[in-house]
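*Asks:* Can you keep this structure in mind? I'll have questions shortly.
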Amino acid sequence: METMRRFLVLTPVSLGVSTVAFVTYSAVSTGGSIRPEVETALFVALVGVAIVLVAVFLAARLLRPLGVDNAWAALSLALGLATVAMGITYAGAEPDEWGMLLFEVAVGVQVPAWLTYAVGLLAGDLRNRAARRRVDPTDAA
């Protein structure tokens, strides 16, 4: 349960980072002339983050019978599952422009979400490690 809670806490940050990444991608790919609407950017980012979150929860559920309750293991397995799913999607995609454009947008929105979750887990682990090293002066007796 702690593993899923850690990912849920990071979800709003991941949504914000993915939204900014999608807006930037859209501005660069269109030459800066067309700005996406905020609703569209939020929807695309929400779908991308939801896919990542579902993959992480699925991975955590798959690891639970094995006795593994580690956020890094869940994130790694989820990334592996998503990579396989994206590979299958890429192999089966139509070679037309729209199919590849949808694939690029899906990957482009998910990459910041994966990175946000990884950086958030790393920051939480470093903070917990620093808190354990901190010694209370009143306890030194």
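The values are calculated or read from the model by the stated rules, or taken from the named source; none is laboratory data. Predicted, not measured: the structure shown is a model, and the values here were computed from it. Don't worry about glycine lacking a Cβ; one is built from the backbone with ideal geometry, like all the others, and counts go over all protein chains shown. To get the accessible areas, we keep the full protein, side chains included, count just its heavy atoms, and leave off ligands, DNA and RNA. Shrake-Rupley method; radii C 1.70, N 1.55, O 1.52, S 1.80 Å.
Condition check ((1) in contact with a helix residue (DSSP H, G or I) (Cβ under 6 Å, 6 or more places away or on another chain); (2) surrounded by 14 or more Cβ atoms within 10 Å (Cβ to Cβ); (3) closer than 22 Å to SER18 by Cβ) across all residues:
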position	(1), (2), (3)
GLY67	no, no, no
ALA71	yes, yes, yes
ALA74	yes, yes, yes
LEU77	yes, yes, yes
ALA82	yes, yes, yes
MET86	no, yes, yes
GLU94	no, no, no
LEU102	no, no, yes
VAL109	yes, yes, yes
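*Asks:* Are there any pairs, at least 6 apart or on different chains, whose C-beta atoms fall under 9 Å, with the first in the range 105-125 and among the charged types (D, E, K, R) and the second at pLDDT 90 or above and open to solvent by 40 Å² or more (accessible area, probe 1.4 Å), and if so, which?
*Replies:* Here the result reads ASP125/TRP72, each pair linking the range 105-125 to a residue that is at pLDDT 90 or above and open to solvent by 40 Å² or more (accessible area, probe 1.4 Å).
*Asks:* GLY108 fails exactly one of the following numbered conditions: (1) under 15 Å from the mean Cα position of the chain (by Cα); (2) modelled with pLDDT of 85 or more. What is the number of that condition?
*Replies:* Result: GLY108 fails condition (2) only.
*Asks:* All but one of (1) open to solvent by 30 Å² or more (accessible area, probe 1.4 Å); (2) modelled with pLDDT of 90 or more; (3) more than 22 Å from GLY108 (Cα to Cα) hold for ALA60; which doesn't?
*Replies:* (1)
*Asks:* Oh, and also: When the residues of the range 1-29 are narrowed to those that are over 15 Å from TYR117 (Cβ atoms), in a helix (DSSP H, G or I) and among the aliphatic types (A, V, I, L, M), which ends up most open to solvent (accessible area, probe 1.4 Å)?
*Replies:* Per the stated criteria, the residue is VAL28.
*Asks:* Next up: Looking at VAL68, is it part of a loop (DSSP other than H, G, I, E, B), out of contact with any Ser or Thr (no Cβ under 7 Å at 6 or more places or on another chain) and of a type outside the set (Asp, Glu)?
*Replies:* So VAL68 passes the test.
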